[in-house]
1. Do the conditions hold for residue 165, that is, is it at pLDDT 95 or above, assigned by TED's automatic domain parsing to the domain that holds residue 200 and more than 16 Å from the ligand (Cβ to nearest atom)?
2. Can you tell me how many residues within region 150-189 are within 26 Å of residue 115 (Cβ to Cβ), touching a residue at least 40 places away in the same chain (Cβ under 8 Å) and within 18 Å of the chain's Cα centre (by Cα)?
3. Hey, any hits in region 118-131 for a residue that's farther than 17 Å from residue 28 by Cβ and surrounded by 18 or more Cβ atoms within 10 Å (Cβ to Cβ)?
4. Here is a check on your reading of the model: is residue 138 within 15 Å of the ligand (Cβ to nearest atom) and either at pLDDT 95 or above or of a type in the set (Phe, Trp, Tyr) (or both)?
5. Cβ-Cβ under 8 Å, sequence separation 6+ or interchain: first residue in region 21-44 and more than 19 Å from residue 123 (Cβ to Cβ), partner polar (S, T, N, Q) and surrounded by fewer than 11 Cβ atoms within 10 Å (Cβ to Cβ). Which pairs?
6. Somewhere in region 57-74, is a residue among the charged types (D, E, K, R), surrounded by fewer than 14 Cβ atoms within 10 Å (Cβ to Cβ) and assigned by TED's automatic domain parsing to the domain that holds residue 211?
7. With the requirement that a residue be more than 10 Å from the ligand (Cβ to nearest atom) and of a type in the set (A, V, I, L, M), what does region 110-135 give you?
8. Out of all the residues in region 1-27, which are in contact with a Pro (Cβ under 9 Å, 6 or more places away or on another chain) and among the polar types (S, T, N, Q)?
Amino acid sequence: MTKTSEWRAERNRKALARLEKALPAVFPAVVLRRALARPFIPPMPRLAVDGYWRAHPLRADALARALAARSGTPDGWTWRLASGDDDGLATTFRAPPAPYREKAFSRGPGHCCVCGQPVFRFGWHCDLWEAGPNPRARWHTACVVAWQLWTAPSDHIAILKKRQGRRCPQSGKRLARTAEVDHRQPLYRVWSEQRHLPWPSLLAFWGVPNLQVINRDAHVAKCAIEADERKRWRAVAVADI
Ligand SMILES: [Zn+2]
């Protein structure tokens with residue numbers, strides 16, 4: 001055994017002892033299985049849950065959208081952008097609409113500000129412990145990861161490339177190292193043409209169903225066409241006034 005592997009084995013022995021001590025009788029089996037197979041075992045259940053969702057952002061995205069569908073659009077809510085400084089709304093259509101983050105529609109402590117559903121122990125989405133929602137929690141761990149994917153999809157380019165079999169859907173060629181993440185349906189078009197869709201289905205435009213990795217040259221060409229389209233739209237909007 002090398003010095004590094006000895007050190008790691010010792011560290012893992014200690015981490016496992018801490019994890020086993022802190023682990024409740026009921027714990028999501030998939031999370032535990034992954035934690036125990038890590039090169040570095042997470043020493044706390046909470047870290048095991050974090051690590052699980054971080055490793056599965058596409059699963060987190062699907063779950064967050066399914067939970068949002070369970071909540072539905074709150075009565076009286078529409079997707080709006082900030083008009084003043086303090087209305088708490090997003091300033092750009094690039095941010096995913098999030099009614100339950102808005103003061104007027106928040107479901108309060110123990111509920112996730114992304115999907116609106118109750119948050120249980122360890123930020124989990126179902127009450128395996130029959131202990132009710134955790135009043136201190138405001139996010140599901142899965143929804144934290146989904147939100148990161150929705151707002152910074154480029155950080156997840158490796159997993160998105162793999163999902164596409166490393167092919168560029170625009171050109172059919174192999175994805176180059178310089179390939180970029182793109183919204184198939186651009187977000188400005190979602191805002192201008194589809195903002196009245198029910199909120200849970202809007203989220204799909206930020207999630208995996210609307211994300212693709214394309215080669216840089218194809219992306220530049222697509223962006224140029226989209227920029228032209230926006231320019232034309234603006235001209236039409238001005239002519240209409
Ligand atoms: Zn959530």
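The values are calculated or read from the model by the stated rules, or taken from the named source; none is laboratory data. All values reported here derive from a predicted model rather than from experimental measurement. Positions of Cβ are generated from backbone atoms using ideal geometry, with glycine treated the same way; all protein chains shown enter the neighbour counts.
1. Working: at pLDDT 95 or above: yes; assigned by TED's automatic domain parsing to the domain that holds residue 200: yes; more than 16 Å from the ligand (Cβ to nearest atom): yes.
Yes; evaluated as a whole, the condition is true for this residue.
2. Final tally of qualifying residues: 11.
3. Kept after step one, since they are farther than 17 Å from residue 28 by Cβ, are these residues of region 118-131: none.
Checking region 118-131: not a single residue is farther than 17 Å from residue 28 by Cβ and surrounded by 18 or more Cβ atoms within 10 Å (Cβ to Cβ).
4. Values: within 15 Å of the ligand (Cβ to nearest atom): yes; either at pLDDT 95 or above or of a type in the set (Phe, Trp, Tyr) (or both): yes.
Criteria met by residue 138.
5. none
6. Within region 57-74, the subset among the charged types (D, E, K, R) is 59, 61, 65, 70.
Within this subset, residues satisfying the condition of being surrounded by fewer than 14 Cβ atoms within 10 Å (Cβ to Cβ) are 70.
Next, from what is left, pick out any that are assigned by TED's automatic domain parsing to the domain that holds residue 211: 70.
Yes.
7. Step one: of region 110-135, the residues more than 10 Å from the ligand (Cβ to nearest atom) are 110, 120-122, 124, 126-135.
Result: 128, 131.
8. Hit for region 1-27 is 12, nothing else.
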